[in-house]
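Read-outs: derived from the displayed coordinates by stated rules, not from any lab. This one's a predicted model, so the numbers in the text were calculated from it and none came from an experiment. A quick note on method: Cβ atoms are made from the backbone with ideal geometry, for glycine too, and the neighbour counts reach across all protein chains shown.
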Amino acid sequence: KQEVTQIPAALSVPEGENLVLNCSFTDSAIYNLQWFRQDPGKGLTSLLLIQSSQREQTSGRLNASLDKSSGRSTLYIAASQPGDSATYLCAGGMIKAAGNKLTFGGGTRVLVKP
Amino acid sequence: GAGVSQSPSNKVTEKGKDVELRCDPISGHTALYWYRQSLGQGLEFLIYFQGNSAPDKSGLPSDRFSAERTGGSVSTLTIQRTQQEDSAVYLCASSVTSGGTGQYFGPGTRLTVT
């Protein structure tokens with residue numbers, strides 16, 4: 001059974017500092033890994049999707065890496081802004097019964113202070 | 001284009017009543033997923049649809065929970081004889097295929113059972 005862990009549960013940084021968010025998973029047969037952002041009272045916004053054959057994905061200030069052998073993914077957010085304050089969730093996709101159900105970590109709540 | 005929509009956004013019901021939650025996926029997305037987000041359990045998979053069939057119902061917590069999808073589009077999650085522990089945010093997601101493409105989430109339905 002896939003288990004996904006995110007540490008720390010909360011993180012506070014001053015504006016402009018780079019953010020490093022960690023995600024670990026137990027089953028290296030992961031099919032893909034997706035990073036999401038969730039604002040209070042809102043749904044999930046997809047940030048980046050990394051397929052198991054890829055090492056990293058980039059979008060603007062965001063970069064996510066995937067290391068299947070060590071069971072880790074890292075989300076980097078460069079030059080953080082107060083608008084980056086949110087909860088960030090990673091989720092591992094496992095192909096089973098022809099579906100790609102996601103197993104989520106507990107999230108890291110980020111506060112970027114002006 | 002339009003994203004995933006869910007209705008109602010909020011539902012308050014009395015213990016023992018039945019409730020129906022609706023999800024409209026992104027047009028053309030063949031795969032549809034239901035998840036539940038609660039304080040104690042984080043985000044958990046409930047059920048997956050490919051077209052109108054549900055190959056994976058492994059996350060449904062009890063036989064009080066059921067779901068259907070019609071016309072390969074709209075899905076309804078039904079909870080019978082609601083209990084207080086059913087209180088949570090129910091999230092729906094869709095993806096282009098079931099083969100590991102990214103999942104896009106709706107805003108969720110917040111269910112409160114009194």
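Relative contact order for region B:1-82: what percent, with Cα pairs under 8 Å and sequence separation of 6 or more?
On the way: 149 pairs, mean separation 25.8, N = 82.
Relative contact order comes out at 31 percent.
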inquiry  = Straight-line reach only, C-alpha to C-alpha below 15 angstrom: list the aspartates and glutamates that B:Lys15 could link to, leaving out same-chain residues fewer than 8 apart.
reply    = B:Glu85, B:Asp86
ask   = Which residues' amide hydrogens lie under 5 Å from the amide hydrogen of B:Ser5, considering only partners 5 or more residues apart or on another chain, with H built in the peptide plane?
value = B:Asp24
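Cα convex hull of region A:24-94: how many Å³ per residue?
On the way: hull volume 6.2 nm³, N = 71.
Roughly 87 Å³ of hull volume per residue.
Taking Rh as the Kirkwood radius, which is the inverse of the mean 1/r over Cα pairs, what is the Rg/Rh value for the protein assembly as shown?
Numbers: Rg = 17.5 Å, Rh = 18.0 Å.
Computed over Cα atoms, the ratio is 0.97.
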request  = Give the Rg/Rh ratio for region B:1-57, taking Rg as the radius of gyration of the Cα atoms and Rh as the Kirkwood radius, to two decimals.
outcome  = 1.00
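Taking the inverse of the average 1/r across all pairs of different Cα atoms in chain B, what Kirkwood radius in Å do you get?
Over chain B, the inverse of the mean reciprocal pair distance is 14.0 Å.
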ask   = Do any chymotrypsin sites (Phe, Trp or Tyr not before Pro) in region A:25-110 lie in a DSSP loop with no more than 12 other beta carbon atoms within 10 Å, and if so, which?
value = none
ask   = Ordered by residue, what ³J(HN,Hα) values in Hz, to whole numbers, does region A:51-58 give under the Karplus form 6.51 cos²θ - 1.76 cosθ + 1.60, where θ = phi - 60° and Gly and Pro are x?
value = 6, 4, 7, 9, 9, 7, 9, 10
Hz values of 3J(HN,Hα) by residue in region B:71-88 - Karplus curve (6.51, -1.76, 1.60), Gly and Pro given as x = x, x, 10, 4, 10, 10, 9, 10, 10, 9, 6, 4, 10, 4, 6, 7, 4, 4
inquiry  = Can you compute the modelled spin-label distance between B:Val74 and A:Ser12, with each label point 7 Å from Cα toward Cβ, in nm?
reply    = 4.7
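Within region A:29-69, which trypsin sites (Lys or Arg not before Pro) sit in a loop by DSSP and count at most 11 neighbouring Cβ atoms inside 10 Å? Let's see the in-between values first.
On the way: sites: A:Arg37, A:Lys42, A:Arg55, A:Arg61, A:Lys68; in loops: A:Lys42, A:Arg55, A:Arg61, A:Lys68.
Passing both the DSSP loop test and the Cβ count: A:Arg55.
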inquiry  = Under 5 Å between amide hydrogens, which residues at least 5 positions from A:Ser80 or on another chain qualify, with H placed 1.01 Å from N in the peptide plane?
reply    = A:Gly16, A:Glu17, A:Asn18, A:Leu19
Cross-link pairs beyond the 26 Å C-alpha cut-off, checked among A:Lys1/A:Lys42; A:Lys1/B:Lys57; A:Lys1/A:Lys68; A:Lys68/A:Lys101 = A:Lys1/A:Lys42
Vicinal HN-Hα couplings computed from phi for region A:18-23 (Karplus, 6.51 cos²θ - 1.76 cosθ + 1.60; Hz; Gly/Pro x) = 7, 9, 10, 10, 10, 9
query = Using a basic spin-label model with each label point 7 Å from the Cα along Cα→Cβ, how many nm lie between A:Leu111 and B:Lys57?
reply = 4.4
ask   = Points 7 angstrom from Cα along the Cβ direction at B:Arg110 and B:Leu39: gap in nanometres?
value = 1.2
